[in-house]
Amino acid sequence: MASAYRDGVPLPSVRRRAPRGRQALPPGLVQLRARRVGRAQHPERFAVVDLETTGLDPATDRVIEIAVVTVDGHGRLLGEWSALVDPGRDPGPTEVHGITAADLAGAADFATVAAQVAPLLAGTVVVAHNLAFDAAFLAAEQRRVGADLLAAADGGLCTLDLSRRMVRRPAGGWSLAALCAHVDVALVDPHRALVDARATAGLLAALLAGLPSGRPRLLGRRLTRSA
């Protein structure tokens, strides 16, 4: 759902100015930003996450599908996983994500799914296209079940943010579909979690290839914790 609602050509060097409209990540998840110089970490694994949800508000809407695609520090595929999630309510805009109540019959609840997601995120840099959206939903869901998926991660990286720094504005804007077309990454049957996570992983690999030496130098900045 992230890509449903949110918003080759050589990739130029990283621009220094931050994109407009940056959203804070949930407490406990460190925002990482690509840098040329300075103390930095070189991630060994990225966990690329995509969610489908019943709507746009993490306070009232629920996750109905989650996918995690794990890649190495160069963006090469290590593994992938996805699951439908019982939201305890109707699935919301089926015309957008294609998931029906019948599809969700028998799906596990988030508490069960969280136990499977936790080891996939632990020790990784969590990546999503508009990470603030997906992270806010994960944070809301984990509060409901008493889990803590994001705290075990080594930070978060947003491909929307990174694309705005590295890519000349595509004709179609900054959507996942437009950026994938721009860097020649396949995106077929979008708006299902695993499809979008695979596409985001492909976009990440293209962006990493455009960084000096093809590996990210990522600096972390812990955002102010909300009360």
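Residue-wise test of (1) in a loop (DSSP other than H, G, I, E, B); (2) closer than 14 Å to A47 by Cβ; (3) out of contact with any helix residue (DSSP H, G or I) (no Cβ under 7 Å at 6 or more places or on another chain).
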site: V127; (1), (2), (3): no, yes, no
site: A135; (1), (2), (3): no, yes, yes
site: Q142; (1), (2), (3): no, no, no
site: A152; (1), (2), (3): yes, yes, no
site: L160; (1), (2), (3): no, no, yes
site: R168; (1), (2), (3): yes, no, yes
site: G173; (1), (2), (3): yes, no, yes
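Select from the stretch 71-97 the residues that are under 16 Å from A199 (Cα atoms) and at pLDDT 95 or above and list them in ascending order.
Of everything in the stretch 71-97, those that are under 16 Å from A199 (Cα atoms) and at pLDDT 95 or above turn out to be V71, L77, L78, G79, E80, W81, S82.
Please state which one of A83, A67 is touching an Asp or Glu at 6+ places or on another chain (Cβ under 9 Å), within 25 Å of L203 (Cβ to Cβ) and open to solvent by less than 10 Å² (accessible area, probe 1.4 Å).
A67
Under 7 Å between Cβ atoms, which residue pairs at least 6 apart in sequence (or on different chains) link something in the stretch 96-116 that is among the polar types (S, T, N, Q) and loosely packed, with under 13 Cβ neighbours inside 10 Å with a partner that is at pLDDT 95 or above and outside any helix (DSSP H, G or I)?
Pairs found: T100/P91.
Kindly list the number of the only condition in (1) touching a Gly at 6+ places or on another chain (Cβ under 8 Å); (2) surrounded by fewer than 22 Cβ atoms within 10 Å (Cβ to Cβ) that fails for A135.
Result: A135 fails condition (2) only.
How many residues are within 25 Å of V63 (Cβ to Cβ) and open to solvent by 40 Å² or more (accessible area, probe 1.4 Å) if we restrict to the stretch 155-185?
The qualifying residues number 1.
How many residues, within the stretch 46-104, are of a type outside the set (A, V, I, L, M, F, W, C) and assigned to a strand (DSSP E or B)?
9
The values are calculated or read from the model by the stated rules, or taken from the named source; none is laboratory data. Nothing here was measured: the structure is a model prediction, and the numbers come from that model. So basically every Cβ, Gly included, is an ideal-geometry build from the backbone, and we count neighbours across all protein chains shown. In case anyone asks, the SASA skips ligands and DNA or RNA and just uses the protein heavy atoms, side chains included. Shrake-Rupley method; radii C 1.70, N 1.55, O 1.52, S 1.80 Å.
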